[in-house]
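Scroll down for the structure; my scribbles are underneath it.
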Amino acid sequence: MVYSLFSLLSIRLSNDLVRVLGLVLVCMATAHSTFAQRTYLVHSHNDYAQELPFWYAYSNGASSIEVDIFLKDGKLYVTHEEHEIVEGRTLETLYLDRLESLVLSGELREVQLLIDLKSEAYATLKKLVEVLGKYPSLTKDDKVKFVISGNRPKPDDYKKYPDFIWFDHQNLDELDTIDLSKVALVSVSFKNFTVWNGYGRMTANDFRAVSQAIQKAKSSGRPFRFWATPDTRTAWARLARLGVDFINTDEPALATQYLSSLDKNTYRLEKAREVYTPTYAYDKNAEPKNIVLMIGDGNGLAQITSAMIANRGHLTVTGLKNIGLVKTASHDDLITDSAAGATAMATGNKTDNRAIGVGPNGETLTNLISVTKEKGFNTAIVTTDAIYGATPSAFYAHRVERDDTPGLVKDLNNSGLDLFIAGGQNEESTIGNVFNPKDLNSFETLSKPTAIYLGDNKAPSMKNGRGNALPKSVGLALNALSAQKEPFFLMVEGAQIDNGGHANSTSDIVEEMLDFDQTIAEVLRFADANKNTLVVITADHETSGFGIVGGDVKEGTVQGDFLTVDHTGIMVPLFAYGPGADIFNGVYENTEVFQKIVSALKL
């Protein structure tokens with residue numbers, strides 16, 4: 001609504017109203033720009049063609065704004081061609097008055113106004129100096145840099161103009177021979193060096209030519225800009241990374257937003273992690289004794305791929321051969337939440353989002369903990385979430401609302417679960433009525449029922465120092481469970497891959513996924529040593545519509561991009577290993593995970 005209002009009134013707004021609305025937009029831009037790790041400068045190309053000239057680019061953080069002007073009848077009209085002149089659209093009304101309003105309100109930030117002269121250079125520049133002389137608040141304030149482009153005087157004449165006039169030089173071959181003291185910017189056409197359209201990658205020869213042009217321009221010590229560049233995210237990122245100082249765009253809002261997250265969305269793993277190669281020495285026709293179900297919350301194919309790239313092309317999980325694709329929709333929505341997604345796998349039934357272990361009508365559903373417990377299995381859960389989080393609770397609880405923590409804890413105490421290692425220590429006083437709390441570092445044998453806490457609520461994230469707590473916890477749980485004569489069912493959740501997706505953080509996704517992969521290696525080592533354990537690895541859903549838009553396998557670098565901060569309806573991969581693994585191949589509903597586990601165990 002703000003932009004529509006401006007577009008209707010932009011020419012006739014009073015200075016007071018302009019100042020007020022300008023202040024609002026500046027505050028919006030300031031709040032938005034705090035996410036940038038490095039500052040990439042955006043140039044609003046042909047800004048006068050925007051629906052809201054100046055304000056749109058400025059409020060969205062553009063550092064350089066381009067305006068074409070034409071001198072006619074003693075006025076500096078904003079236009080690309082003389083025949084396109086519209087009365088009232090002058091440099092003063094569309095740009096200088098708006099800049100001055102920000103000065104008067106004390107809200108002006110540094111900005112470059114690139115003034116592209118479309119009429120004869122000397123006469124137009126003479127009039128421009130005269131007009132700017134009426135705005136001493138702009139010419140005496142270093143926050144506005146007036147840079148002359150387009151039809152310019154000869155380089156030898158640059159020094160004849162006032163101190164507030166600077167120039168955009170557009171010839172790389174003259175940089176060693178002219179006086180650069182009045183040159184604020186060096187610009188050349190991108191098309192002189194490549195025909196690249198901004199998709200995929202430049203050819204090696206074109207990349208070399210572009211890189212050499214940038215290097216030559218920057219050797220002058222002046223900022224550099226290409227014009228006539230492709231206007232895509234790929235182009236913005238590539239040119240920014242190559243060192244172009246001002247990224248040319250007709251989409252300043254999108255470009256500023258994208259570039260402000262460019263470093264945040266790029267991750268490099270300093271040292272690759274070791275991976276485990278499974279032996280495949282088990283009898284695939286045998287009946288498994290134990291089962292380990294591993295759920296990477298929010299862990300789609302792109303999340304796995306990003307960790308593989310960062311780890312120089314290798315993961316433990318990608319060494320598995322039995323692979324399926326799982327559909328994740330809930331009963332009431334194409335996009336599932338963790339509660340409904342985990343309930344489908346835990347019970348074999350679709351349910352509504354937010355429901356835990358109950359059907360769409362609130363009916364109690366039998367879960368894998370109950371099924372295996374009735375057959376004499378020991379049961380355990382290890383998660384980096386709280387034990388009453390949506391995914392783990394779907395395996396033991398029956399509640400219509402996932403946030404019903406007292407109800408979930410009550411169901412936990414009545415579940416018959418033998419062991420959990422998870423967050424949730426803030427509920428220890430209630431849970432401790434049934435579960436015997438133990439310390440992770442001293443845990444060896446299973447004394448039913450046992451609770452080991454990894455944090456007050458969730459366990460710490462990898463970024464916040466969790467270390468190897470998840471693979472260590474799973475290793476200790478496997479040792480304790482296998483020391484018993486009974487078979488066991490163990491559910492393991494890497495819960496915080498999901499958090500990385502919600503936060504749109506490539507680094508968190510990769511670090512949490514690599515930790516999950518280290519945990520997978522721990523489980524596969526156990527399976528190979530025992531040869532009677534079925535391992536199923538999947539996800540409840542994908543989070544964020546994560547995509548990989550750049551990177552380098554040799555360098556362990558991944559650049560991600562995001563569709564949303566929420567879950568998506570993308571199918572998730574499933575990997576299986578051990579006796580019965582081959583029945584998990586194919587494409588199927590998430591409810592089939594339950595059915596296939598029950599079938600493999602002959603339950």
Worksheet item: For the stretch 443-461, does any single residue satisfy the condition of being touching a Phe, Trp or Tyr at 6+ places or on another chain (Cβ under 8 Å), among the aliphatic types (A, V, I, L, M) and either over 22 Å from Tyr267 (Cα atoms) or surrounded by fewer than 20 Cβ atoms within 10 Å (Cβ to Cβ) (or both)?
Response: yes
Item to complete: Among the candidates Ala340, Ala346, single out the residue that is within 30 Å of Asp528 (Cα to Cα), buried (at least 19 other Cβ atoms within 10 Å of the Cβ) and in the same structural domain as Pro579 (by TED's automatic domain parsing).
Response: Ala346
Fill in: Residue count for the stretch 292-306, restricted to those that are touching a His at 6+ places or on another chain (Cβ under 8 Å) and in a helix (DSSP H, G or I)
0
Practice prompt. Filter the stretch 148-158 down to the residues that are without any contact (Cβ under 8 Å) to a residue 40 or more places away in the chain and surrounded by 11 or more Cβ atoms within 10 Å (Cβ to Cβ), then identify the one that is farthest from Ser187 (Cα to Cα).
Written response: Asp157
Practice prompt. Give the number of residues within the stretch 183-240 that are among the basic types (Lys, Arg) and part of a loop (DSSP other than H, G, I, E, B).
Written response: 2
Worksheet item: If you check Asp245 against the conditions, is it closer than 26 Å to Tyr258 by Cβ, assigned by TED's automatic domain parsing to the domain that holds Ser149 and touching a residue at least 40 places away in the same chain (Cβ under 8 Å)?
Response: yes
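Condition check ((1) under 31 Å from the mean Cα position of the chain (by Cα); (2) within 28 Å of Leu71 (Cα to Cα); (3) among the basic types (Lys, Arg)) across all residues:
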| residue | (1), (2), (3) |
| --- | --- |
| Thr139 | no, yes, no |
| Tyr158 | no, yes, no |
| Leu175 | no, no, no |
| Lys182 | no, yes, yes |
| Ala204 | yes, no, no |
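What do you reckon, is Phe420 in contact (Cβ under 8 Å) with a residue 24 or more places away in the chain and on the phi < 0 side of the Ramachandran plot?
When the stated conditions are applied, Phe420 passes them.
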Worksheet item: Is it the case that some residue within the stretch 116-129 is part of a strand (DSSP E or B) and out of contact with any Leu (no Cβ under 8 Å at 6 or more places or on another chain)?
Response: yes
Worksheet item: Of Ile387, Ile323, Ile381, Ile335, which residue is under 23 Å from the mean Cα position of the chain (by Cα) and at pLDDT 95 or above?
Response: Ile335
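Can you tell me which residue within the stretch 557-603, out of those that are of a type in the set (A, V, I, L, M, F, W, C), part of a strand (DSSP E or B) and out of contact with any helix residue (DSSP H, G or I) (no Cβ under 7 Å at 6 or more places or on another chain), is nearest to Ile304 (Cα to Cα)?
Selected residue: Val572.
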Discussion item. Suppose the filter is surrounded by fewer than 23 Cβ atoms within 10 Å (Cβ to Cβ) and either acidic (Asp, Glu) or not assigned by TED's automatic domain parsing to the domain that holds Asn414 (or both); does Asp498 pass it?
Written reply: no
Response to the item:
Across the stretch 252-297, the tally of residues that are small (Gly, Ala, Ser) and buried (at least 17 other Cβ atoms within 10 Å of the Cβ) stands at 5
Response to the item:
Taking the stretch 533-556 and keeping only residues that are part of a loop (DSSP other than H, G, I, E, B) and buried (at least 17 other Cβ atoms within 10 Å of the Cβ), one is left with Ala539, Asp540, His541, Ser544, Gly545, Phe546, Gly556
Practice prompt. Check Ile431 against each of (1) within 30 Å of Asp508 (Cα to Cα); (2) surrounded by 20 or more Cβ atoms within 10 Å (Cβ to Cβ) and name the one condition it does not meet.
Written response: (1)
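Could you tell me which of the residues Ser415, Ser429, Ser370, Ser393 is within 31 Å of the chain's Cα centre (by Cα) and among the hydroxyl-bearing types (Ser, Thr, Tyr)? If you could, list the steps in order and put the result at the bottom.
Numbers: Ser415 fails: within 31 Å of the chain's Cα centre (by Cα); Ser429 fails: within 31 Å of the chain's Cα centre (by Cα); Ser370 fails: within 31 Å of the chain's Cα centre (by Cα).
Testing whether each residue is within 31 Å of the chain's Cα centre (by Cα) and among the hydroxyl-bearing types (Ser, Thr, Tyr) leaves just Ser393.
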Worksheet item: Only one of these conditions is not met by Ser507: (1) touching a helix residue (DSSP H, G or I) at 6+ places or on another chain (Cβ under 8 Å); (2) closer than 15 Å to Gly296 by Cα. Which number is it?
Response: (2)
Item to complete: Residues being charged (D, E, K, R) and touching a residue at least 24 places away in the same chain (Cβ under 8 Å): count how many of those fall in the stretch 159-175.
Response: 1
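Can you tell me which residues in the stretch 307-340 are part of a helix (DSSP H, G or I) and among the β-branched types (Val, Ile, Thr)?
Ile309, Val317, Thr318
The values are calculated or read from the model by the stated rules, or taken from the named source; none is laboratory data. The shown structure was predicted, so the numbers you read here are calculated from the model rather than taken from an experiment. Ideal geometry is used to build each Cβ from the backbone, glycine not excepted, and the neighbour counts take in all protein chains shown.
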